[in-house]
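Everything below concerns the one structure shown next.
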Amino acid sequence: MWMLLITFVKNTKKTTSRIGFLVVILLFFLVHSKAAEQGRITKIKEQVTESVNDTANIRLYMEIAGTFDRNSKDQLDSSLFYLNEALALSDRIDYLKHQFEIYNKFGEIFFSSGNYPISLEYFFKMLQLLDEQVSDNQDSTNIQNKYIRLYTQIGTCYFNMNYFDKALVYYKQCLKSVERIMENDTDSLHLRKMVIMYTNIGSAYLSQYDNERALLNFVKALEYNASLKNPDFDASLYNNMGIICKERKEYDKAFQYYNKSLEIRKKQKDTAGMAQTNNNLGNVYILIGNYKMAIEILNSVLEMSKQTHSLITQMKASEFISGAYEKQGNYTKALEMHKLFKTLQDSLINTEQVQNALRLELQYQYEKQRKVDELQKQIAISNKERKALIYMIISAVLLFSFVIVILLNRNQRTKMKQGKLLQESLLLESRNLSLEKQNLLMEKQNLELELEFRNKELSTHVLYLFKKNEFISSIISKLLAAKSKNNTENSMWIMEILREMQSNVDNTVWEEFERRFQQVHEDFYEKLMMKYPDLTPNEIKICAFLKLNMTIKDISAITFQSVKSIQVARNRMRKKMGITRDENLILLIQQL
């Protein structure tokens with residue numbers, strides 16, 4: 001079809017008829033293309049109405065939103081409408097899988113229309129979703145790539161809003177993320193990101209008039225691009241470095257960078273880029289006083305910018321030319337160029353006013369839609385809460401009634417059971433009381449018998465010890481008598497036996513007596529030491545014997561102490577215990 005059209009155009013002799021035919025053909029293709037696009041949109045809409053899968057509908061709404069032209073105000077509204085439908089459906093069914101992509105589309109639409117604050121709202125929502133994915137241990141490489149793209153978008157929003165400090169923060173975060181990825185993967189795609197990040201950071205510093213830092217970052221970008229070999233990046237960086245040199249009044253270096261940029265852009269046939277660089281080049285020629293060369297270059301810029309329809313480049317070029325003519329003293333040409341500058345400036349202002357009006361209208365539509373969405377959400381929430389409250393009240397009433405019936409029934413049965421249990425418990429209690437009395441009486445009797453038995457046993461043992469010691473004492477007396485009749489060697493041997501016997505008898509007798517005494521009178525020593533802590537071990541022994549109502553003579557026989565020493569010990573005990581002569585020491589000890 002296209003070949004037939006070309007052949008026809010070649011054979012057509014009249015220019016007017018040729019142009020008219022081309023216009024007709026062009027209009028035909030435009031209408032046909034528009035009709036095809038409209039048919040595609042209609043087909044997708046039919047799929048939405050037929051589909052019963054809500055998650056599929058979200059994807060279809062997003063697809064419809066992507067078919068509209070964002071440069072057209074009506075189509076932009078339509079795109080926003082279907083994105084809102086997709087987002088509302090996603091919220092309604094609590095399906096968050098596509099929310100990141102929906103927010104991204106919203107952000108891009110508002111970014112392209114110049115509504116950077118609204119665009120930032122959606123980019124920060126995306127950032128929150130990414131943070132949640134990181135906490136859920138999602139794929140780290142994929143997440144990092146999303147962070148890089150998002151940091152770049154946020155930084156560019158701040159850059160366009162002239163918040164260069166904030167733009168630098170996000171550009172630098174993006175740079176760190178790319179550097180982390182490049183530690184394991186040096187793919188050319190990541191090299192490209194490094195070049196872009198250093199260029200963006202340099203541009204932010206350049207906008208802050210921090211030429212030193214700007215130049216450092218542009219140089220870094222050039223170093224990375226040496227591996228990437230992307231001529232477009234080189235041309236742009238050389239142009240920016242030329243601007244820095246121009247600001248420093250290093251005009252020779254500025255010429256070098258501008259010429260490098262021009263050389264690359266000529267090879268790339270980048271007319272818009274060539275016009276931009278020539279504008280800067282012409283400005284430098286004006287600054288060094290070469291007005292003729294400046295006018296020649298800037299006139300070429302006017303021609304190139306007309307081809308690219310760049311009003312800003314034309315406006316700058318006409319302003320520079322007007323200044324150059326004025327320096328030359330050619331005021332007629334200067335006025336002519338100044339008029340062109342003003343015309344272009346007014347045209348740009350009108351264009352900006354239209355864009356601002358569109359931006360404000362889009363912002364109004366957005367605010368209006370957000371309020372409607374918030375109102376609908378509040379209504380939906382209140383409806384849910386009201387239904388939930390009604391269900392809760394009904395459930396509570398039914399549950400309360402059921403509980404009351406159960407409690408009344410249980411209470412009645414409990415009363416009946418309690419009556420029977422009360423009678424049974426009274427009967428059992430009377431039986432238990434009689435049994436307890438019997439048990440206590442039997443325990444008392446058993447304790448008395450046991451105590452009596454132990455006392456008898458202890459008395460018997462004491463009597464045994466007494467007899468035993470009397471026997472040992474008689475042997476000792478006989479040995480002592482025999483000692484005087486024997487020689488000195490035998491006397492020493494007899495004395496050694498006597499000391500050993502007396503020591504052994506003392507220790508053995510006391511240890512055995514003490515063990516048996518504690519079995520009968522368990523807490524006697526504890527009470528004695530608590531009340532009279534100054535008593536000596538010998539005095540404690542005497543107290544134990546007195547507890548058994550033993551006489552001084554009996555104690556002397558058992559302990560091999562003289563009667564006099566025991567009496568002296570008793571007198572010391574009286575003083576320590578604070579007992580007068582009228583008080584009975586034995587009675588006091590027996591009461592412990």
Quick one: order 431, 581 by neighbouring beta-carbon count within 10 Å, fewest to most. 581, 431
The extension gain from residue 398 to residue 435, computed as 0.36 nm times the residue separation minus the Cα-Cα distance, is 8.1 nm
Calculate the translational D of the stretch 113-183 in whole µm² s⁻¹ from Stokes-Einstein, where the hydrodynamic radius comes from the Kirkwood formula applied to all Cα pairs, the temperature is 25 °C and the viscosity 0.890 mPa s. 195 µm²/s
Chymotrypsin sites (Phe, Trp or Tyr not before Pro) restricted to the stretch 129-189 and DSSP loop, no more than 13 other C-beta within 10 Å: none
Looks like the stretch 278-341, by Cα gyration tensor root eigenvalues a ≥ b ≥ c and the a/c under 1.5 rounded cutoff (else prolate when a/b is bigger than b/c, oblate otherwise), is oblate
If I take the Cα coordinates of the stretch 521-574 and project them onto the principal axes, what are the three extents in Å, biggest first? 29, 22, 14
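All of the numbers you see were taken from the coordinates with simple rules; none came from a lab. Bear in mind that the values here come from a model prediction, so they are computed numbers and not experimental data. Counting neighbours? That spans all protein chains shown, and the Cβs are built from the backbone with ideal geometry, glycine included.
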